[in-house]
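The values are calculated or read from the model by the stated rules, or taken from the named source; none is laboratory data. Please read these numbers as outputs of a predicted model, since none were measured by experiment. A quick note on method: Cβ atoms are made from the backbone with ideal geometry, for glycine too, and the neighbour counts reach across all protein chains shown.
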Amino acid sequence: MNNWMKASKVLVASVCMLAGAAFAEQKIAVVDMERALFQSEGAKASFKQVEDQFGDDLGKVKVLEKELMDIQKKLQKDADIMSDDEQRKIRNTVKEKQSEYKFFAGKLQQAEQQWRQQFFSANMQRLKAILKSLVDEEKVDIVLNGQAVIHVTPDLDLTKKLLNKLNQASAAK
């Protein structure tokens with residue numbers, strides 16, 4: 001039994017060393033494709049069109065936000081001198097404006113989500129092709145999703161290089 005344990009330990013240690021040596025020969029990098037894509041100049045230009053399309057709603061949300069903050073300040077400041085009827089009216093106004101705010105903010109959030117999904121799927125093939133050329137250029141064996149990595153040194157993160165290549169490709173169009 002004792003010899004068997006020694007042999008097992010030697011075998012496990014050998015496998016670990018071989019795996020470590022094989023692992024050490026491979027170059028590993030990390031990339032956050034989504035971050036690179038949505039920080040690109042192409043994404044910014046595309047999102048500008050969405051903002052222009054929903055500009056009225058965006059303006060309405062900003063106005064409602066300011067009105068709600070002003071009403072809250074007034075209520076806090078003057079609550080002691082207001083009648084119960086005045087306070088009730090102001091609270092009703094706040095509820096109406098909050099409801100309106102939620103509607104327009106939800107509409108904008110839904111539009112942004114839809115744009116993100118469409119933009120990502122429309123650019124996925126191009127993004128993969130650019131990433132493949134970058135991986136070949138950098139001689140990388142394994143690429144990990146940057147969103148799933150807890151820590152990486154900057155020299156192993158290809159996200160910025162991918163972003164630069166995306167911007168170059170967009171400028172070349």
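Overview of results
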| read-out | value |
| --- | --- |
| Tally of residues being surrounded by 15 or more Cβ atoms within 10 Å (Cβ to Cβ) and either within 19 Å of G59 (Cα to Cα) or touching a Ser or Thr at 6+ places or on another chain (Cβ under 9 Å) (or both) across the stretch 108-126 | 5 |
| Single unsatisfied condition, R88 versus (1) of a type in the set (D, E, K, R); (2) exposed (fewer than 11 other Cβ atoms within 10 Å of the Cβ); (3) at pLDDT 85 or above | (2) |
| Conditions (1) among the charged types (D, E, K, R); (2) closer than 29 Å to L37 by Cβ; (3) part of a loop (DSSP other than H, G, I, E, B): number failed by K107 | (3) |
| Residues located in the stretch 45-57, provided they are charged (D, E, K, R) and either more than 15 Å from Q114 (Cα to Cα) or not in a helix (DSSP H, G or I) (or both) | D52, D56, D57 |
| Failed item, numbered, when I81 is tested on (1) in a helix (DSSP H, G or I); (2) over 25 Å from the mean Cα position of the chain (by Cα); (3) among the β-branched types (V, I, T); (4) farther than 30 Å from G55 by Cβ | (1) |
| Residue, farthest from A45 (Cα to Cα), within the stretch 141-173, restricted to residues that are among the aliphatic types (A, V, I, L, M) and touching a helix residue (DSSP H, G or I) at 6+ places or on another chain (Cβ under 8 Å) | V152 |
